[in-house]
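Okay, structure first, notes after.
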Amino acid sequence: MKFKSNDENKRLTLRETQKISLEILKLIASICEQNNIRYYLMFGTLLGAIRHKGFIPWDDDIDIMMPRPDYDKFCVSFKEYESKHPHIRLFNSENCLEYPYMIARVSDDRYKIVMDNEKPYGMGVFVDIYPYDGMGDTWKEAVSGWRKGVVLSSLCFQSTRKYFEIGHTKSFFMKSVKLPFYILSKAIGKGFFQKQLRRVSRKPYDKTKYIGNLIWGTYDEVEIYDRELFKESVYIDFEGNKFKGPKRFDEILRQLYGDYMKLPSEKERIPHHDYYVEKV
């Protein structure tokens, strides 16, 4: 962590943050169950559920995915629950102009996320919701769409940064082009890139062979999936609760992480976000 809290007494521990995000996940799952909305534990949350029966001990957030039709339905259905849970808020690019991402987040505003390189927009402890779109019927078509999404989402992300930094970029090539990307993105602005991302996404999820997250590419081409991998769901244990995950989770986790049951090295067992959490 590069920066410190102004009031360390207000700062939450990692475990406190995990417990709050777990309560948000329970609410999301309840809404999905009541409205027949498909959702799946995904990424590190799915890995944690299988390997640790809960959070990866050093993980600092929760990730779920929804097929695009269900994601859209969830965003509409969530409005019915806002009055019952006034401290819970749904963030997406449609209902918060300052929000910098194309995925949705459900946030508890009794807390405050303090980011090092991001302007504040009211985010508290959150759960990430990734919409998955159709990516075509051939691998070539899916890869082509994924590449467009990666470029656009990277530019969109850079356009919302307060200052330039190399961050987690590792390859020499990507380091060499990151500064020009940053300058270009700031000149154009996130509104343009968000519009383009909406244009390239939203192919029918249930009618294509391949699916994926076109608006936040993070795992290279391994994040292009055969839709059949998500055809069925099962309940998976997570922190003493049961949530839905893909029935073929082993294939998905191997595609993402390889030997996923093997623990990373000690130096890699750290939270991956540059923020801390405070009580409001």
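The values are calculated or read from the model by the stated rules, or taken from the named source; none is laboratory data. In this text the structure is predicted, and so the values were computed from the model without any measurement. Cβ: placed from backbone, ideal geometry, glycine included. Neighbour counts: every protein chain shown.
Yes or no: residue 186 more than 19 Å from residue 216 (Cβ to Cβ), in contact with a helix residue (DSSP H, G or I) (Cβ under 7 Å, 6 or more places away or on another chain), modelled with pLDDT of 90 or more and not aromatic (Phe, Trp, Tyr)?
Yes, satisfied.
Considering only the range 44-142, give the strands (runs of 3 or more DSSP E) lying wholly within it that have at least 2 residues that are within 17 Å of the chain's Cα centre (by Cα) and among the hydroxyl-bearing types (Ser, Thr, Tyr).
125-136
Just to check your reading of the model, which residue among 125, 76 is among the β-branched types (Val, Ile, Thr) and free of Cβ contacts under 8 Å to residues at least 24 places away in the same chain?
Values: 125 fails: free of Cβ contacts under 8 Å to residues at least 24 places away in the same chain.
Of 125, 76, the one residue that is among the β-branched types (Val, Ile, Thr) and free of Cβ contacts under 8 Å to residues at least 24 places away in the same chain is 76.
Looking only at the range 142-157, which residues are under 12 Å from residue 200 (Cα atoms) and either of a type in the set (D, E, K, R) or surrounded by fewer than 20 Cβ atoms within 10 Å (Cβ to Cβ) (or both)?
144, 147, 148, 150, 151
List the pairs whose first member sits in the range 262-280 and is under 12 Å from residue 14 (Cα atoms), whose second member is surrounded by fewer than 15 Cβ atoms within 10 Å (Cβ to Cβ) and among the polar types (S, T, N, Q), and whose Cβ atoms are under 7 Å apart, counting only residues at least 6 apart or on separate chains?
Partner pairs satisfying both residue conditions: 276/5; 278/5.
Which residues, taken from the range 46-61, are over 13 Å from residue 18 (Cα atoms) and either touching a residue at least 60 places away in the same chain (Cβ under 8 Å) or in contact with a helix residue (DSSP H, G or I) (Cβ under 7 Å, 6 or more places away or on another chain) (or both)? Explain how you work it out, then say what you get.
In the first step, residues of the range 46-61 are kept if they are over 13 Å from residue 18 (Cα atoms); the result is 46-47, 49-53.
Once the filter is applied, which keeps residues that are over 13 Å from residue 18 (Cα atoms) and either touching a residue at least 60 places away in the same chain (Cβ under 8 Å) or in contact with a helix residue (DSSP H, G or I) (Cβ under 7 Å, 6 or more places away or on another chain) (or both), the range 46-61 yields 46, 47, 49, 50, 51, 53.
Considering only the range 85-120, state which residues are closer than 27 Å to residue 69 by Cβ and among the hydroxyl-bearing types (Ser, Thr, Tyr).
Once the filter is applied, which keeps residues that are closer than 27 Å to residue 69 by Cβ and among the hydroxyl-bearing types (Ser, Thr, Tyr), the range 85-120 yields 93, 99, 101, 107.
Counting only residues that are part of a helix (DSSP H, G or I) and surrounded by fewer than 17 Cβ atoms within 10 Å (Cβ to Cβ), how many does the range 201-228 have?
Residues that pass the stated criteria total 6.
Identify the residue in the range 108-141 that is crowded, with 19+ Cβ neighbours inside 10 Å, out of contact with any Leu (no Cβ under 8 Å at 6 or more places or on another chain) and hydroxyl-bearing (Ser, Thr, Tyr) and, among all such residues, is farthest from residue 274 (Cα to Cα).
Among those residues, the one meeting the criterion is 132.
With (1) closer than 16 Å to residue 30 by Cα; (2) at pLDDT 95 or above as the list, and residue 79 as the residue in question, which single condition is left unmet?
Residue 79 satisfies every listed condition except (2).
Going by what's in this entry, would residue 153 be described as in a helix (DSSP H, G or I) and either of a type in the set (Val, Ile, Thr) or touching a residue at least 60 places away in the same chain (Cβ under 8 Å) (or both)? Explain how you work it out, then say what you get.
Values: in a helix (DSSP H, G or I): yes; either of a type in the set (Val, Ile, Thr) or touching a residue at least 60 places away in the same chain (Cβ under 8 Å) (or both): yes.
When the stated conditions are applied, residue 153 passes them.
How many residues, within the range 238-252, are outside any strand (DSSP E or B) and buried (at least 21 other Cβ atoms within 10 Å of the Cβ)?
Of the residues in that region, 2 qualify.
Out of 162, 207, 178, which single residue is more than 29 Å from residue 231 (Cα to Cα) and modelled with pLDDT of 90 or more?
After applying the criteria, what remains is 162.
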